[in-house]
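The numbers here are math on the coordinates, done by the rules we state, and not lab data. Only a predicted model underlies this, so the values are computations on that prediction, with no experimental measurement involved. Cβ sites come from the backbone with ideal geometry, for glycine too, and all protein chains shown count toward neighbours.
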Amino acid sequence: MSSTAHTFRPLSIFRKSFSHGIHPAENKHYTEHKPIERLPFPSELYVLLSQHAGKPAVPLVKPGQEVVRGEPVARADGFVSAPLHAPATGVVKRIDLVPTSKGPRKEALVIQVYPGETQEVLYGQDRDIDAMSKQELIQAVQDSGLVGLGGAAFPTHVKLSPPEGHVIDTVLINGCECEPYLTTDQRLMIDQAADLIEGTKILMKILGAPRAIIGTEDNKIASAEAIKKVLPADGTITVQVVRTKYPQGAEKMLAKALVNREIPSGQYPSSVGLAVFNVATTVELGQLLPKGQGVIERVVTITGPGVDKPGNYIVPIGTPLRFIMKKLGYEGSAKHLITGGPMMGDTVSSLDVPITKGCGGFLVLTPQQFEENTLSERFPCISCGSCVDACPMHLNPAQLGKLAAKRMYLDMDKYHLFDCFECGCCSYVCPAGIPLVQYFRVSKKMNREMKAASP
Amino acid sequence: MSQAAASSIELRTSPHLRSPKTVDVIMRNVVYALLPICAFAVWNFGISALALIVVCTGVAVLTEHVYCVFAKKPTTVGDWSVVITGILVALILPPALPLWMAAVTSFISVALGKIFFGGLGYNVFNPALVGRAFSQVAFTLPMTTWTPAQLPGRFFEFIPTSLTIPFLEPGSLQGWLSSVAPDGWTGATPLQLMKSEQTGTEVSQLLFGSVAGSTGETAAVLILVCGLYLVVRKMMNWRITFSILVTAALFSWLFYVIDPSQYPDPVFMLGAGSLMLGAVFMATDMVSSPETRLGVWVYGVFIGVMVVVIRLFGGLPEGVMYAILLGNAVSPLISRVTQPKTYGAVRKNRKQAKEGV
Ligand code: SF4
Ligand code: SF4
């Protein structure tokens, strides 16, 4: 896909980075200059009970019950779980199974939105953050239903309670957004820089971290400049601009680039004194917590050559994709839609999937691009080493691929199969078109199954 | 995971982007990079060189295509790798070699060097060198018969031996040479001169290729420039070329310092014979070189050392072919012992990795 050439940034080589990685065409131009806009409310919302890592939320409302925008409608089920809030004022019609982007249908609250309603957030009460204790703050974060908005959707309050003995000395705010096309974080850093700083301060306070670094790539200089204008004078929060390279936005790569620390295999960032949060998450935190509100909407980048009106839109959680695409003048099927970025995102199973907290963007490719990029001709591995030179985890994808083809799944442990985080660099560069990542996904599954079968 | 199963789900999973640099694109660019060298070879040695290149390439392509037809699989000539092999075979053969012998060499290269191992991606050795090693033994005399470069009549007249009737030994070139060759022609390449008489050759001649030698190996500078094209397009591993050349230069310089009357200087070492062609276009064959970063350096240094050792202390004047073949042979081993160090590897994992290799 070479609709735009690479931007030439000679100074880039002097910037910090991690080793290996790739430079796919960035294609941010579709949406990077478009300020965040609000889309109208659809007539029905589908609020999935499970849109975070961990246990699904438990409904607090019954069919027929009226809800006010911002009101809690489901509670967290245990510590690793998150509550849900009504994204719009309306009435709960039923609890139903709806399609999800991953495929299987899951339970969701179906809320009929009252038309003509002002949809002001009436729920929630202002809080004095400074007066709150660490525990109170963590509870407040859980009550807000905040999860990692970068995609993983891991409940934020869990990250705020690092394991015993782990001392966080630096909070890293991830503004790299290294996936091509996506501009959600890029725009948030410009349009809501003050909220970002507020959120960062709260995170530092909860974790007791003396400093925070906001990291972004050098294709987002404007974002870095916008943040610099609102940085606190005490110098505890700084902005660092790193080289534009995929997957710079991966936690491990960010830690390497910003503070030159390697997160050991199989361990949390807190084991090396770090806590990493995504920009969208931090902005949301800074915006919601002082007001005592919950997550009811998020910014979604809808982009790509296949859509007429690409942009960065505020969308209520639960909005069906079909509604958004229609508003933006997209008539095609779900077939050419990708949720998330083109490197790690999934194709969308149906236009009826609702927006969830973790979903930051939809990419619409032209059918022709889809063909070009997926039906590549297959050759045998020519041992070119491109994948070895691309893997940010410094694995040997060629060797892993050969073992996978021979179904020697258990032997792949020796080559650190489980350190692979499926970033896709190896598949991207492979001139033979070998679907390496695909192999590794299957291999991990088989490897686990084989181990379970013979302990 | 059968291929069919893999490809049916492959359509729907990330990454949804692919680098445009596919195997056929890379191979085709290598062919482009070889074309100027072919052109120079024709200019240097005339229509005999042209015929040699056409025959070798044609036979190579035909061999692979016919094999695919018989094996009832789609033809693989479209990946261009066999074209590279064909051209390289021509470039490393003497210009006066009977064309039928060249055809046999090319056939052996593809059949024995490539198809026998399982085709592209499975060949342990560089196919062109396998063919050449075979012919070195099978056709010893014609394989070491050299003709002068840039003879006046080269564009209109074949070197007589080129057109030898298939399966016959070529006649002697003595009579023809005495009539066309310049005064002082000894029938030796610069390396042979160095080996037998410790005579050097004009540096400019070495660099710009107006010397006797294999069809396409003589123009060191041109080969380097063509390689540079591939490096700039990121289609060739410069580390291999670089490490071979630097190692060969440093290692031979060591001997040159010890005894300049006995050993050649590093510039001669780099410019003479097929070192440049070998380092740029043959040792860099992706399939038969290691795939790891460190492995590539080790491989290059190994070949560089072997070239100098064979040239200076072996029985042969030229050692590049054997050095690269040896490098190919140890390359899987090199790959295995130079696995990359994983990001965030914890001790236990590293130990496990060691047990694994
Ligand atoms: S997908 Fe896995 S093996 Fe491939 S480059 Fe990424 S981390 Fe490495
Ligand atoms: S990039 Fe593909 S062809 Fe090259 S070594 Fe890796 S798996 Fe083999």
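Looking at the protein assembly as shown only, what percent of DSSP beta bridges run antiparallel? Nearest 5 please. Intermediate results must be reported in sequence, preceding the final value.
Numbers: 34 of 57 bridges.
Once the DSSP bridges in the protein assembly as shown are tallied, antiparallel ones form about 60 percent.
Counted as membrane-span-like here are DSSP H helices of chain A whose alpha-carbon atoms extend 24 Å or more along the helix's own axis and whose Kyte-Doolittle mean is 1.0 or above; there are none. Applying the Kirkwood pairwise sum to the alpha-carbon positions of chain A produces a hydrodynamic radius of 22.8 angstrom.
With the cut-off at 1.5 for a/c, could you classify the range A:281-427 from its C-alpha gyration tensor as rounded, prolate or oblate? Oblate, because a/c is 1.5 or more while a/b does not exceed b/c. For chain B, the 222 nm mean residue ellipticity estimated from helices alone, with every DSSP H stretch of n ≥ 4 adding -39500 (n - 2.57) and the total spread over all residues, rounds to -18500 deg cm²/dmol.
Are there chymotrypsin sites (Phe, Trp or Tyr not before Pro) in the range A:1-101 that DSSP marks as loop and that have at most 16 other Cβ atoms within 10 Å, and which are they? Spell out each step's value before the answer.
Working: sites: A:F8, A:F14, A:F18, A:Y30, A:Y46, A:F79; in loops: A:F8, A:F18, A:F79.
The qualifying sites are A:F8, A:F79.
Loop-resident GluC sites (Glu not before Pro) (DSSP state other than H, G, I, E or B) in the range A:41-123 with no more than 14 further Cβ atoms inside 10 Å of their Cβ: A:E117, A:E120. Geometric descriptor of the protein assembly as shown, per residue, is 188 Å³ (volume of the convex hull of the Cα atoms). Place +1 on the Cβ of every Lys and Arg and -1 on the Cβ of every Asp and Glu in the protein assembly as shown, take the dipole about the Cα centre, and give the residue among B:G184, A:G116, B:V309 whose Cα lies farthest towards its positive end. The one lying farthest along the dipole's positive direction is A:G116.
Helix B:81-91 axis versus longest C-alpha principal axis of chain B: approximately 20°, rounded to the nearest ten. Highest average first, the peptides B:167-178, A:330-341, A:291-302 ordered by how many other beta carbon atoms sit within 10 Å of their residues are A:291-302, A:330-341, B:167-178. Start at zero, step by 10 Å, and the Cα-Cα distances of the range A:386-453 spread as 24, 58, 16, 2 percent across the bins. Since only B:T22, B:L207, B:A220 are under comparison, the one whose Cα sits farthest along the positive direction of the charge dipole of chain B, derived from C-beta charges on Lys, Arg, Asp and Glu, is B:T22.
For the segment B:335-341, counting C-beta atoms of other chains within 10 Å of every residue's C-beta and taking the mean gives 4.
Peptides A:131-143, B:332-344, ordered by how many other C-beta atoms sit within 10 Å of their residues on average, highest first, read B:332-344, A:131-143.
Measuring max minus min along each principal axis, the C-alpha atoms of the range B:244-357 give extents of 55, 28, 22 Å (largest first).
Just to check, using Stokes-Einstein with a Kirkwood Rh over alpha carbon pairs, what's the diffusion coefficient of chain B at 10 °C and 1.306 mPa s in µm²/s?
Numbers: Rh = 21.5 Å.
Estimated diffusion coefficient is 74 µm²/s.
Candidate cross-link partners of A:K326 among the lysines, defined by an alpha-carbon separation under 24 Å and a same-chain spacing of 8 or more, comprise A:K28, A:K34, A:K93, A:K102, A:K106, A:K309, A:K335, A:K357.
Here the label points at A:T238 and A:R105, each 7 Å from Cα along the C-beta direction, are separated by 5.4 nm in the simple model. For chain B, averaging the sequence separation of C-alpha pairs within contact (under 8 Å, six or more residues apart) and dividing by the residue count gives a relative contact order of 16 percent. Between the beta carbons of B:V31 and B:W253, assuming R0 = 41 Å, the FRET efficiency works out to 0.75 to the nearest 0.05. Per-residue mean of foreign Cβ neighbours for A:107-114 is 0 (Cβ atoms of other chains, 10 Å radius).
Tell me the angle of helix B:127-138 to the major Cα principal axis of chain B, expressed in degrees between 0 and 90 and rounded to the nearest ten. The helix B:127-138 is inclined about 40 degrees to chain B.
So for the range B:1-125, averaging the separation of alpha carbon pairs under 8 Å that are six or more residues apart and normalising by length, what relative contact order in percent results? In percent, rounded to a whole number, it is 26.
How many Cβ atoms of partner chains, on average, are near each residue of A:404-414 if near means within 10 Å of its Cβ?
Whole-number average of other-chain Cβ neighbours for A:404-414 is 2.
Extension gain, B:V330 to B:Y122, is 73.4 nm, computed as 0.36 nm per intervening residue step minus the present C-alpha separation. Where is the GNM fluctuation largest for chain B (alpha-carbon springs, 10 angstrom cutoff): B:S179, B:S331, B:S243? Looking only at B:S179, B:S331, B:S243, the largest GNM fluctuation is found for B:S179.
I need the fraction of alpha carbon pairs in the range A:1-133 separated by more than 20 Å, rounded to a whole percent. Don't skip to the answer; put the middle values down first.
On the way: 5708 of 8778 pairs.
Summing the P(r) tail past 20 Å for the range A:1-133 gives 65 percent.
Summing +1 for each Lys or Arg and -1 for each Asp or Glu among the other residues whose beta-carbon sits under 15 angstrom from that of A:A257 gives +3.
Computed packing ranks the peptides A:47-59, A:415-427 as A:415-427, A:47-59, most packed first, by mean other Cβ atoms within 10 Å. Of all lysines in the structure, the ones whose alpha carbon falls short of 29 Å from that of A:K414, not counting any fewer than 8 places away in one chain, are A:K245, A:K252, A:K256, A:K402, A:K406, A:K444, A:K445, A:K451, B:K341, B:K348, B:K351, B:K354.
Neighbouring Cβ atoms within 10 Å as the yardstick, rank B:Y322, A:Y313 fewest first.
Numbers: B:Y322 17, A:Y313 24.
The most exposed by this proxy come first: B:Y322, A:Y313.
Considering only DSSP states other than H, G, I, E and B, which trypsin sites (Lys or Arg not before Pro) in the range B:19-108 qualify as loop sites with at most 11 other Cβ atoms within 10 Å?
Working: sites: B:K21, B:R28, B:K72; in loops: B:K21, B:K72.
Here the trypsin sites (Lys or Arg not before Pro) that fit, given the DSSP loop and packing criteria, are B:K72.
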